[in-house]
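To start, the structure under review is shown below, and the notes come after it.
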Amino acid sequence: MKLPPFAYFAPSTLEETLALLREHGDESKLLAGGQSLVPLLALRLARPSVLVDLGHVAGLDHLAAGEGSVTIGAMVTERRAERSEVVGAQLPLLAEAMPLIGHQAIRNRGTVGGSIAHADPSAELPAVAVALEAEMVAESAQRGRRTIPAESFFQGFFTTALEPDEVLVELRLPAGESRTGVAFEEAARRHGDFAMVGAAVVLRVESDRIADARIALAGVADTPLRRPEAERALRGEEVTAEAFEDAATAAARDLSPPSDLHGTAAYRRHLARVLVRRALVRAAQRLGVSP
Amino acid sequence: MSDVVEVSFTVNGVARSVSVEPRKTLADVLREDLGLTGTHLGCEHGVCGACTVLVNGSSARSCLMLGVQAHGAEITTIEGLSVDGELNTLQQAMWESHGFQCGFCTPGFLMQITALLAEEPNPTEAQVREVLSGNLCRCTGYQTIVEGALRAAASARSATATVRGSDLAPKEPA
Ligand SMILES: Cc1cc2nc3c(=O)[nH]c(=O)nc-3n(C[C@H](O)[C@H](O)[C@H](O)COP(=O)(O)OP(=O)(O)OC[C@H]3O[C@@H](n4cnc5c(N)ncnc54)[C@H](O)[C@@H]3O)c2cc1C
Ligand code: FES
Ligand code: FES
């Protein structure tokens, strides 16, 4: 298969990159790991006339722990994040979700920023970003830097708050707090496939009661979806199997997931309930409190 | 028609330079411009793993990389495994395990296994299966491929084994 023709630029600084985007705007696409964009080009679902390669741009591959948060540069590969000690120690939810993305050869090239910017509704990282209330830092030549909270970043099917002239520079993810357990559960047809449904859970327990809970689902809507009703149902409750079952039922209520050849809407709704319950149980077990 | 771009990289230890259209995938550059047709193309959109090569020692699908993205990189293809026409440890083990039938998927499997064994010389069967989950084979049913990978690991470990050809470890990144 031949990709459609395009002009190729490989800038080495962010400034040059932003200038290129400003000049070419809608006509251009950024190329990160290419693990989503190149298939789209091959199938001619995307036909940009200009490709701006981020592969040589300095300053986009940092990964460091700061005050209460971890900053991950957009060009950090999925595999580097997966194997990072900082991520393992401070972002256990991300560490758990990472190996579920595709296959090793995909994660070797695919980037954290690329996955977030691509915003596949079935992808793991956007759901993790929403569950952790991450912030995305974007930059453009005309408007400078801005910080976008995860809840307003994902706007629709493969659609984000990023403007055509903007580069996603980094993600800021709040580091794990004490007394907080996390878990990521998903069901996929085959190992490495995109999830039919994924569930990310963050659970804080204080003196045997649930102090806070955050639940985000992948694969059930056109964006990753927080489940505030289920979260409210958990707050103040004791850690019991019934509380988790009720919350899981609330999380799956009113969902209208897509039906496709991988699974019907009814099956996905069922998966959402089961996976949320499993994730809650595992998050609690990590805190040493079994329901 | 887009302009051609000069790409310089190392392929199987040899410095190469080619002028290619930026839209050309690394797989096509290897096959058409360098005549290295051992890298096979199945799906051409990232699903089957037949086109797997090593980029700076890590596995990558060459159908999902542009040739121009390989500028400055060290690429290893299936042609880089044997030395002086002798099978290396992995190739020999795969042969002994009957790890292929038609052979179409084999280059991709061998490159992915090479990356695995460089990182984890003593993998469990579960690790082998996990890493190979991204490579599809229509013939073997996978059992003999997994066995070949484990056999290669065992014979590389065994002090008495005759290690033939190049070492399994990919070359250091440039
Ligand atoms: C066989 C296969 C299986 C896969 N399975 C999964 C899976 O199970 N789960 C999953 O989550 N993903 C999966 N993926 C996708 C993979 O995770 C991609 O790597 C990722 O979604 C995109 O990252 P990338 O770096 O390759 O981005 P690219 O493909 O280079 O870019 C994707 C999009 O994001 C834009 N973009 C990239 N970087 C930036 C930036 N810094 N700023 C602004 N825009 C940017 C690009 O312009 C493009 O539109 C799979 C891919 C394949 C081929
Ligand atoms: S040909 Fe590259 S993954 Fe199938
Ligand atoms: S041996 Fe025929 S596809 Fe694997």
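Since every read-out is calculated from the coordinates, none of them should be taken as a lab result. Remember, it's a predicted structure, so these values are computed and weren't measured experimentally. FYI the Cβ positions are ideal-geometry reconstructions off the backbone, even for glycines, and counts take in every protein chain you see.
At a 10 angstrom cut-off on C-beta neighbours, averaged per residue, how do the peptides A:108-119, A:32-43, A:76-87 rank from highest to lowest?
Top of the packing list down: A:108-119, A:32-43, A:76-87.
Lys and Arg at +1, Asp and Glu at -1: add these up for the other residues within a Cβ distance under 13 Å of residue A:129 and post the number.
Result for the local shell: -3.
Quick one: net charge of residue A:29's neighbours, Cβ under 11 Å, K/R +1, D/E -1?
-2
Compute the helix-to-body angle for A:241-252: its Cα long axis versus the longest principal axis of chain A, expressed 0 to 90° and rounded to tens.
In chain A, helix A:241-252 runs at an angle near 40 degrees to the longest axis.
What is the calculated FRET efficiency for residue A:289 to residue B:8, with r their C-beta to C-beta distance and R₀ = 60 Å, to the nearest 0.05?
Rounded to the nearest 0.05, the efficiency is 0.55.
Using Cβ contacts closer than 10 Å as the measure, can you line up A:268, A:107, A:22, A:190 from fewest to most?
With the fewest neighbours first, A:268, A:107, A:22, A:190 line up as A:190, A:22, A:268, A:107.
If you add up the charges near residue A:172, with Lys and Arg at +1 and Asp and Glu at -1, over every other residue whose beta carbon is less than 11 angstrom from its beta carbon, what do you get?
Spelling it out: positives minus negatives among the neighbours equals -4.
Pairwise over distinct Cα atoms, reciprocal of the mean inverse distance: report the Kirkwood radius of chain A in Å, one decimal place.
The Cα-based Kirkwood calculation yields 19.5 Å.
Of B:132, A:287, how do they rank once you tally other Cβ atoms within 10 Å and put the fewest first?
A:287, B:132
Please arrange A:184, A:158, A:6 by how many other C-beta atoms lie within 10 Å of their C-beta, fewest to most.
A:158, A:6, A:184
In nm, to one decimal, how far is the modelled label at residue B:45 from the one at residue A:177, with both set 7 Å along Cα→Cβ?
Placing both labels 7 Å beyond Cα along the Cβ direction yields 4.4 nm.
Which residue, B:79, B:147, B:32, has the most motion in a Gaussian network model of chain B that connects Cα atoms within less than 10 Å?
B:32
Using only Cα atoms and rounding to the nearest 10 degrees, what angle (0 to 90) does helix A:14-24 make with the longest principal axis of chain A?
70 degrees
Considering only chain B, what is the antiparallel percent among its DSSP beta bridges, to the nearest 5?
90 percent
Can you work out the PRE-style zone for residue B:102? Point 7 Å along Cα to Cβ, and I want the residues of the range A:101-118 with backbone N under 17 Å.
None, by backbone N distance to the label point.
With everything on Cα atoms, drop me the angle between helix B:143-157 and the longest principal axis of chain B, reported from 0 to 90° to the nearest 10.
Long axis of B:143-157 versus the principal axis of chain B: about 80 degrees.
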